[in-house]
Amino acid sequence: MRSRSPTLQWALHRLGLNRLLLHLLLILVSALTAAPYFWALSTSLKERRDVFTAVPQWIPTNPTLQNYFDLFHMAPFGLFLVNSIIVVTGILVVQLVTAPLAAYVFARLRFRGSGFLFALFLIQMMMPIHAVVVPNYLTINALGLLDTRVAMMLPFWASGYAVFLLRQAFRQVPRDFEDAALIDGCSGIRFLWNVLIPLAKPTIIAFSLISVVTHWNDFLWPLIVTDTPAVRTLTIGLAMFVQQESGADWPVLMAGTVFVTLPLMILFLVYQRKFIESFMYAGLKG
Amino acid sequence: VEPVHPEPYFIGLENYAAMFDDPLFWRVVQNTVVYVAGTIPITMALALTMAILLNERLGRMRNVYRVAAFYPTMIPMAAAAMLWVWLLNPGIGLINHYLAALGIARIEWLYNMDWALPAIMVTSIWKNFGYFMLIYLAGLQNLPERAVRVGQPRGCDLPAEGALDHPAAAGAHVGVRHRGRHHHLLQRLRPGAPHDPRRARQPHERPRVLHLPERLPVLGLGHGLGADGRVRRRHPRRDPVHHARVGEAGAL
């Protein structure tokens, strides 16, 4: 990472801005972007009478967790949380098995139709989810899986995107490595496990984080294949909760909103570097 | 309810005709155009500006700014919508509260035909610009420092020009900034092109200071307009960036 950009200094100098102004500007922008979430967090910790004050209380004078307890009484958010965790990990674990195997084949083996098959994987990557919702629904229905957690995971178990990213990573490993390993009697699968996967670790981490964020936040597909609260994920649970509350109890609604985002936000704040690097990396490759 | 016609029959483009006759359809098209035309340029401009600012040496605060700009990307849309419905609440929302403090009358936001779309656009910009900022930032950080050092005194006023090196950034970028300089910036990357820095520099050619007309942005073309209004091609061998690269040691 470059630490100094003489160009910008020059540009700032030309604009008559100095570093202090730069920081002030960035603090202003950051405050503006952070405000919506902070305001929701603050609202969720307020007593009802503190919500409608003449001067907005950014920091609650009487902080309370009561809204979160109310939330859990009004809708099974604990269950939603468990469902979200199951779905997200279920998708990721299977992806991490299928994707490296497929990527290894596409990166190393030449066979009749390999180009065509890889093109099919790329098509999956380019297809917006909205275009395949109906056929996928019919498939899930035919399998008798509607309204189950498996239904929410199944379509994502083979990810064209993961295969693509990993294939690119595997191809950067020199072929000589593999030849040397094969001569020494190493099997292809062992080479994949002991050499390619450790070398592709940054790609795997990047993909994993993106997969978790995507499926944690997914709305359309879980909404379509679920009917009962017992299998719903957090995002669907929140949307249903908002509908049934018809929006008057703001502190509880904000408690729900914050609760849905909190697990990812905590992960993000703790591992922010990894997250940001992963999204940068995948954004450039993908 | 009419029963479903037992046998489907061909009606040509009638369904399309019906759609085009529907005033609601045109209203929706108009909304889409306004939404796209308003959201994308602002998102990209904000993303690029923030990326350039964040590429500067900022110490520890850099992480804070990055997190603040990027976190909306990680929030599910269902939750983001709730945050903004609350902020935009006409009666007790924070936004109307501060607008009132500025003496602006209460706006119904999402309940008003004219204000609903802008309100949604703001939400969309807030949610998405951080992601594109990261892409630009990655492009800027992959830019060799030498290119920045050389380009800068030669009239490349922002390092973002180098983000063009990156296809992901370039895609979004090309639509935003069409400047003559980009034209040969791209050419420069193609070996063997007339601007290729590997071509030997003629000893009598000297790097020269840019003069104004060359720096005027001209939409879409790699040329500037001359004083007579005719398109003036810039001569490859007079290309200042090219000179700067080749004659780097002697520059300045």
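Laid out as a table, the results:
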{"quantity": "Residues that are at positive phi and touching a helix residue (DSSP H, G or I) at 6+ places or on another chain (Cβ under 6 Å), drawn from segment B:82-134", "calculated": "B:Trp109"}
{"quantity": "From the options B:Leu83, B:Leu88, residue that is farther than 13 Å from B:Phe132 by Cα, facing another protein chain (nearest Cβ under 7 Å) and surrounded by 21 or more Cβ atoms within 10 Å (Cβ to Cβ)", "calculated": "B:Leu83"}
{"quantity": "Matching residues in segment A:46-66 - criterion: being within 24 Å of B:Thr123 (Cβ to Cβ) and either assigned to a helix (DSSP H, G or I) or without any contact (Cβ under 8 Å) to a residue 24 or more places away in the chain (or both)", "calculated": "A:Phe52, A:Pro56, A:Gln57, A:Trp58"}
{"quantity": "Filter result for the condition that a residue is over 28 Å from B:Gly139 (Cα atoms) and out of contact with any Ser or Thr (no Cβ under 6 Å at 6 or more places or on another chain), over A:Leu269, A:Leu196, A:Leu238, A:Leu234", "calculated": "A:Leu238"}
{"quantity": "Test: residue in segment A:93-116 that is within 14 Å of chain B (Cβ to nearest Cβ) and in contact with a Leu (Cβ under 6 Å, 6 or more places away or on another chain)", "calculated": "no"}
{"quantity": "Only listed residue being more than 10 Å from chain B (Cβ to nearest Cβ) and either under 14 Å from the mean Cα position of the chain (by Cα) or part of a loop (DSSP other than H, G, I, E, B) (or both), chosen from A:Ala255, A:Ala248", "calculated": "A:Ala248"}
{"quantity": "Given (1) at pLDDT 95 or above; (2) within 11 Å of chain A (Cβ to nearest Cβ), index of the condition B:Met44 fails", "calculated": "(2)"}
{"quantity": "Some residue of segment B:55-75 being away from every other protein chain (no Cβ under 14 Å) and touching a Phe, Trp or Tyr at 6+ places or on another chain (Cβ under 6 Å)", "calculated": "no"}
{"quantity": "Qualifying position, being farther than 30 Å from B:Ala47 by Cβ, more than 25 Å from the chain's Cα centre (by Cα) and part of a helix (DSSP H, G or I), among A:Phe80, A:Phe69", "calculated": "A:Phe69"}
{"quantity": "Residue that is more than 7 Å from chain B (Cβ to nearest Cβ), hydrophobic (A, V, I, L, M, F, W, C), surrounded by 16 or more Cβ atoms within 10 Å (Cβ to Cβ) and closer than 30 Å to B:Ala51 by Cβ, where the choices are A:Leu28, A:Leu41", "calculated": "A:Leu41"}
{"quantity": "Per-region count, segment A:211-240, residues facing chain B (nearest Cβ under 10 Å) and either touching a Gly at 6+ places or on another chain (Cβ under 6 Å) or not in a helix (DSSP H, G or I) (or both)", "calculated": "4"}
{"quantity": "Any chance A:Ser84 is more than 30 Å from B:Pro90 (Cβ to Cβ), within 12 Å of chain B (Cβ to nearest Cβ), at pLDDT 90 or above and surrounded by 12 or more Cβ atoms within 10 Å (Cβ to Cβ)", "calculated": "yes"}
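The rows are residues; the columns are (1) among the β-branched types (Val, Ile, Thr); (2) surrounded by 23 or more Cβ atoms within 10 Å (Cβ to Cβ); (3) under 28 Å from A:Ser44 (Cβ atoms).
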| position | (1), (2), (3) |
| --- | --- |
| A:Phe207 | no, yes, no |
| A:Trp250 | no, yes, yes |
| A:Leu267 | no, no, yes |
| A:Ile276 | yes, no, yes |
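The values are calculated or read from the model by the stated rules, or taken from the named source; none is laboratory data. The model shown is predicted, which means the values in this text are computed figures rather than measured ones. Using ideal geometry, Cβ is built from the backbone for each residue, glycine included, and neighbour counts are taken over all protein chains shown.
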